[in-house]
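See structure below.
The values are calculated or read from the model by the stated rules, or taken from the named source; none is laboratory data. All figures in this text were calculated on a predicted structure; none of them were measured in a lab. Positions of Cβ are generated from backbone atoms using ideal geometry, with glycine treated the same way; all protein chains shown enter the neighbour counts. Keep in mind that these areas ignore ligands, DNA and RNA; they rest on the heavy atoms of the full protein, side chains included. Shrake-Rupley method; radii C 1.70, N 1.55, O 1.52, S 1.80 Å.
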Amino acid sequence: MRHPWPFLLCCLLLPGCERLMRNMYDQPRLDSGEPSSLFADGKASRPPPPGSVAHAMGDLAATSSGRRGDEVTTQLQAAQAATALPPLTAGLLRRGQERYGIYCLPCHSPLGDGDGPVVRRGFPAPPSYHQERLRQAPDRHFYDVITQGYGVMVPYADRVAPDDRWAIVAYIRALQLSQHARLDALPPALQAALRALPPPAAASAAGEGNGR
């Protein structure tokens, strides 16, 4: 029969081992701002090493935490929920002109009268933006047509971002205004220059008299 003392000794030592393990699990900690004698400056909080990059703020933190891109989703939802144009700015109109030139001009033409280069080669002509029906149409109508398509026009939601759709709508409104602006709504200098021009009939007669 084996002697029971080794077994009993192990049973006595096991609680001590567990206690030592708990000390490793539950080590003492120091909160920010508490003093510590471990460091020369007497502070428990340590400054970041030279050259380190903060990951609690900025683009790196947004990327690592998955927050980066949230603002894009928010902007997209706002653009899709809008029913009228955003505040007009020169930047918005420039962006709209650029996007219009890429996606709309081939059919709708630079003027917006539906006589673009593709139409001149046989493609069905879209309606002119200058007809009364479209001049009176709400802003959202143009946004929805760009998004969903209309008639032979395909949807452009997969290639024109929501913000860019509103920029295009803003430029369409500028095209409409360019052909239907009231003279008294123009700057005084431009009014004077336009009033100085000969009437269309007189200009045509002058051209014929010159042999044109």
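Hey, can you tell me all the residues within region 22-35 that are at pLDDT 85 or above and not in a strand (DSSP E or B)? Talk me through it step by step, then tell me what you get.
We begin by selecting, within region 22-35, every residue at pLDDT 85 or above; these are 34-35.
Matches in region 22-35: Glu34 only.
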Next on the checklist: Looking at Gly116 and the list (1) modelled with pLDDT of 95 or more; (2) of a type outside the set (D, E, K, R); (3) in contact with a Leu (Cβ under 8 Å, 6 or more places away or on another chain); (4) part of a helix (DSSP H, G or I), which single condition is not satisfied?
Outcome noted: (4)
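Among the residues in region 141-163, are any farther than 21 Å from Ala78 by Cα and either in contact with an Asp or Glu (Cβ under 7 Å, 6 or more places away or on another chain) or among the charged types (D, E, K, R) (or both)?
Within region 141-163, the first condition is being farther than 21 Å from Ala78 by Cα, and the residues that meet it are 150-154.
When the remaining residues are screened for being either in contact with an Asp or Glu (Cβ under 7 Å, 6 or more places away or on another chain) or among the charged types (D, E, K, R) (or both), the result is none.
Scanning region 141-163 turns up no residue that is farther than 21 Å from Ala78 by Cα and either in contact with an Asp or Glu (Cβ under 7 Å, 6 or more places away or on another chain) or among the charged types (D, E, K, R) (or both).
Residue by residue, here is whether (1) outside any helix (DSSP H, G or I); (2) aromatic (Phe, Trp, Tyr); (3) surrounded by fewer than 18 Cβ atoms within 10 Å (Cβ to Cβ) holds:
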{"site": "Pro124", "(1), (2), (3)": "yes, no, yes"}
{"site": "Ser128", "(1), (2), (3)": "yes, no, no"}
{"site": "Arg140", "(1), (2), (3)": "no, no, yes"}
{"site": "Ile146", "(1), (2), (3)": "no, no, no"}
{"site": "Tyr156", "(1), (2), (3)": "yes, yes, no"}
{"site": "Asp164", "(1), (2), (3)": "no, no, no"}
{"site": "Ile168", "(1), (2), (3)": "no, no, no"}
{"site": "Tyr171", "(1), (2), (3)": "no, yes, no"}
{"site": "Leu175", "(1), (2), (3)": "no, no, no"}
Next on the checklist: Leu111 - would you say it is more than 21 Å from Arg94 (Cα to Cα) and open to solvent by 60 Å² or more (accessible area, probe 1.4 Å)?
Outcome noted: no
Item to check | Cβ pairs under 9 Å, 6+ apart, first in region 116-130 and under 20 Å from Ser178 (Cβ atoms), second aromatic (Phe, Trp, Tyr) and surrounded by 13 or more Cβ atoms within 10 Å (Cβ to Cβ) | outcome: Gly116/Phe123; Pro126/Tyr150; Tyr129/Phe142
Checklist entry - Inside region 56-90, can you point out the residues that are modelled with pLDDT under 70, surrounded by 12 or more Cβ atoms within 10 Å (Cβ to Cβ) and not hydroxyl-bearing (Ser, Thr, Tyr)? => result Leu60, Ala61, Ala62, Arg68
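Look through Pro155, Pro162 and report the one residue that is over 17 Å from Ser178 (Cα atoms) and in contact with a Ser or Thr (Cβ under 7 Å, 6 or more places away or on another chain). It would help to see each step written out before you state the result.
Values: Pro162 fails: in contact with a Ser or Thr (Cβ under 7 Å, 6 or more places away or on another chain).
Residue meeting the stated conditions: Pro155.
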